[in-house]
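Data first, discussion second: the structure below is written as structure tokens.
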Amino acid sequence: MRSSLFNVLFSLTKGIRSMFYMVTPNESSFENVEDVPPYVQQATPFFMGLMVVELVVSLLKDGTPLACVSDVVTSVSAGIISRMPTLFARGFEITTYIYVWDNLRLLELPWDSAWAWWLAFLAVDFSYYWVHRFAHEMNLLWAAHQVHHSSEYYNLSTALRQSLTQQFSSWVFYLPMALAVPPSVFAVHIQFNLLYQFWIHTEVIRDMGPLEWVLNTPSHHRVHHGRNEYCIDKNYGGALIIWDRLFGTFAPEGDKVVYGLVHKINTFEILHIQFHYYKYLWRRFNRYKNIFNKLGVLWKGPSWKPGKPRLGDHAEVPEVLIFGVSAFPKGTHLTLSYFITYHYDVKKNTILTIQITHSVLT
């Protein structure tokens, strides 16, 4: 009886456990990629539930909300838009992976092996480290990834602020795995790796003790989202922080982190946030006559200029002021904040997201 009750509870908690990578190989191994559950879609109620919990904890702890309503709605809208390509096609990552597996694989690891499952866990996280690092160090890829860093707040809704275009380049970094790891195993871990990164977008959890040495934690990821000079180009890990420690890109949390882009965009408009950097790249590309400088704009870092190192000079990063960020004057009531943002940014972004969704579906 106890064993049966435990199995039921274990099954019911699978959704929330998957968000922390607390699943076993036995319950997440599938022979065919078609049998792999859409874990990310199934996690939507947990996203919303944890966001509410975070808000309540923050209000009880500090008496202030974690973000303004406009910022939250912008982040959620970006998350919805980023998933739209999957409405009419498999994700680029899975589609290209299957093609390489079907035509070029060198060996076939067992889909139902625990050691192959753990090997895939490490391989996906290692690949993600390089996806993420290149997305910061190559300007053309940063044009997509900057969407995720555009919020000046740091909370669970920020995790949902994803780019529509990033998936069209990230797939390349996972292709070496397709030479040996079955697509069904990859499809499981690419989702778990993404889900794990949701809960680390919070200021509620401060320090996790010895786990900080191995896992990517809220503290490590806060540094990654900072625009302080010591935060730039640091802590790229997905589930693990060991890659940053190995490759010299790790930085511990020090001075209070100030979030957002180095050059603030000062808008909540979702389409501008998604695409404005491509227009900026095009203007910079056309500014130079020398072909090497033109290519440098695309393939070198966002801060690069002729005569500077590949990633630019971080000493030129604008100085940040260490104080709280707020979209409203101090003391503005939360209800008033909601009223203002609903009638402007929230309403505009919600209508726009619905219109885009409708056009895609029809």
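The values are calculated or read from the model by the stated rules, or taken from the named source; none is laboratory data. Since this is a predicted model, take the numbers as computed values, not measurements. Cβ placement follows ideal geometry from the backbone for every residue including glycine, while neighbour counts extend to all protein chains displayed.
Among the residues that make up the range 205-213, is at least one of them among the hydrophobic types (A, V, I, L, M, F, W, C) and within 20 Å of SER75 (Cβ to Cβ)?
For the range 205-213, residues among the hydrophobic types (A, V, I, L, M, F, W, C) and within 20 Å of SER75 (Cβ to Cβ): present.
State all residues of the range 247-278 that are part of a helix (DSSP H, G or I) and either closer than 22 Å to HIS224 by Cα or free of Cβ contacts under 8 Å to residues at least 12 places away in the same chain (or both); if no residue qualifies, say none.
Result: PHE247, HIS272, ILE273, GLN274, PHE275, HIS276, TYR277.
Go through the range 84-101 and count every residue that is surrounded by fewer than 16 Cβ atoms within 10 Å (Cβ to Cβ) and over 22 Å from SER28 (Cα atoms).
Looking only at that region, the number is 5.
Would you mind stating whether GLY226 is buried (at least 16 other Cβ atoms within 10 Å of the Cβ) and closer than 28 Å to SER113 by Cα?
So GLY226 does not fit the description; no.
Does the range 260-277 include one or more residues that are surrounded by fewer than 17 Cβ atoms within 10 Å (Cβ to Cβ), hydroxyl-bearing (Ser, Thr, Tyr) and within 19 Å of ALA78 (Cα to Cα)?
yes
Working only within the range 226-246, note down all residues that are out of contact with any Leu (no Cβ under 9 Å at 6 or more places or on another chain) and in a strand (DSSP E or B).
GLY226 - this is the single residue of the range 226-246 that is out of contact with any Leu (no Cβ under 9 Å at 6 or more places or on another chain) and in a strand (DSSP E or B).
Per-residue answers, yes or no, for (1) under 20 Å from ASN193 (Cβ atoms); (2) free of Cβ contacts under 8 Å to residues at least 60 places away in the same chain; (3) in a loop (DSSP other than H, G, I, E, B):
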site	(1), (2), (3)
GLY15	yes, yes, no
MET22	yes, yes, yes
GLU27	yes, yes, no
PHE30	yes, no, yes
LEU60	no, yes, no
ALA67	no, no, yes
SER70	no, no, no
ALA78	yes, no, no
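Go through the range 121-141 and give me each residue that's touching a residue at least 40 places away in the same chain (Cβ under 8 Å) and either in contact with a strand residue (DSSP E or B) (Cβ under 6 Å, 6 or more places away or on another chain) or of a type in the set (Gly, Ala, Ser) (or both).
ALA123, ASP125, SER127
Would you point out which residue out of PRO318, PRO302 is in contact (Cβ under 8 Å) with a residue 12 or more places away in the chain, farther than 25 Å from ASP62 by Cβ and touching a helix residue (DSSP H, G or I) at 6+ places or on another chain (Cβ under 7 Å)?
Every option except PRO302 fails the conditions.
Quick grid of which residues meet (1) surrounded by fewer than 22 Cβ atoms within 10 Å (Cβ to Cβ); (2) at pLDDT below 95; (3) over 28 Å from PRO38 (Cα atoms):
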residue: ILE190; (1), (2), (3): no, no, no
residue: LEU194; (1), (2), (3): yes, no, no
residue: TRP199; (1), (2), (3): yes, no, no
residue: GLY209; (1), (2), (3): yes, no, yes
residue: LEU215; (1), (2), (3): yes, no, no
residue: PRO218; (1), (2), (3): yes, no, no
residue: CYS231; (1), (2), (3): no, no, yes
residue: LYS234; (1), (2), (3): yes, no, yes
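The rows are residues; the columns are (1) farther than 21 Å from GLU34 by Cα; (2) among the aliphatic types (A, V, I, L, M); (3) surrounded by fewer than 17 Cβ atoms within 10 Å (Cβ to Cβ).
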residue: TRP111; (1), (2), (3): no, no, no
residue: TRP117; (1), (2), (3): no, no, no
residue: SER127; (1), (2), (3): yes, no, no
residue: HIS132; (1), (2), (3): yes, no, no
residue: MET138; (1), (2), (3): yes, yes, no
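Determine if the range 102-112 includes at least one residue that is within 26 Å of the chain's Cα centre (by Cα), assigned to a helix (DSSP H, G or I) and either modelled with pLDDT of 95 or more or not acidic (Asp, Glu) (or both).
no
Within the range 140-159, can you find the residues that are among the hydrophobic types (A, V, I, L, M, F, W, C) and surrounded by fewer than 22 Cβ atoms within 10 Å (Cβ to Cβ)?
LEU140, TRP142 - these are the residues of the range 140-159 that are among the hydrophobic types (A, V, I, L, M, F, W, C) and surrounded by fewer than 22 Cβ atoms within 10 Å (Cβ to Cβ).
Go through the range 32-60 and count every residue that is exposed (fewer than 13 other Cβ atoms within 10 Å of the Cβ) and under 21 Å from LEU109 (Cα atoms).
Residues meeting the conditions: 3.
Being more than 24 Å from THR96 (Cβ to Cβ), buried (at least 18 other Cβ atoms within 10 Å of the Cβ), of a type in the set (S, T, N, Q) and touching a Phe, Trp or Tyr at 6+ places or on another chain (Cβ under 9 Å): is that true of SER28 here?
Against the criterion (more than 24 Å from THR96 (Cβ to Cβ), buried (at least 18 other Cβ atoms within 10 Å of the Cβ), of a type in the set (S, T, N, Q) and touching a Phe, Trp or Tyr at 6+ places or on another chain (Cβ under 9 Å)), SER28 does not qualify.
Looking at PHE168, PHE186, PHE173, can you tell me which residue is crowded, with 24+ Cβ neighbours inside 10 Å, over 30 Å from GLU54 (Cβ atoms) and either of a type in the set (Phe, Trp, Tyr) or in contact with a Gly (Cβ under 9 Å, 6 or more places away or on another chain) (or both)?
None of the other options fit; the residue is PHE186.
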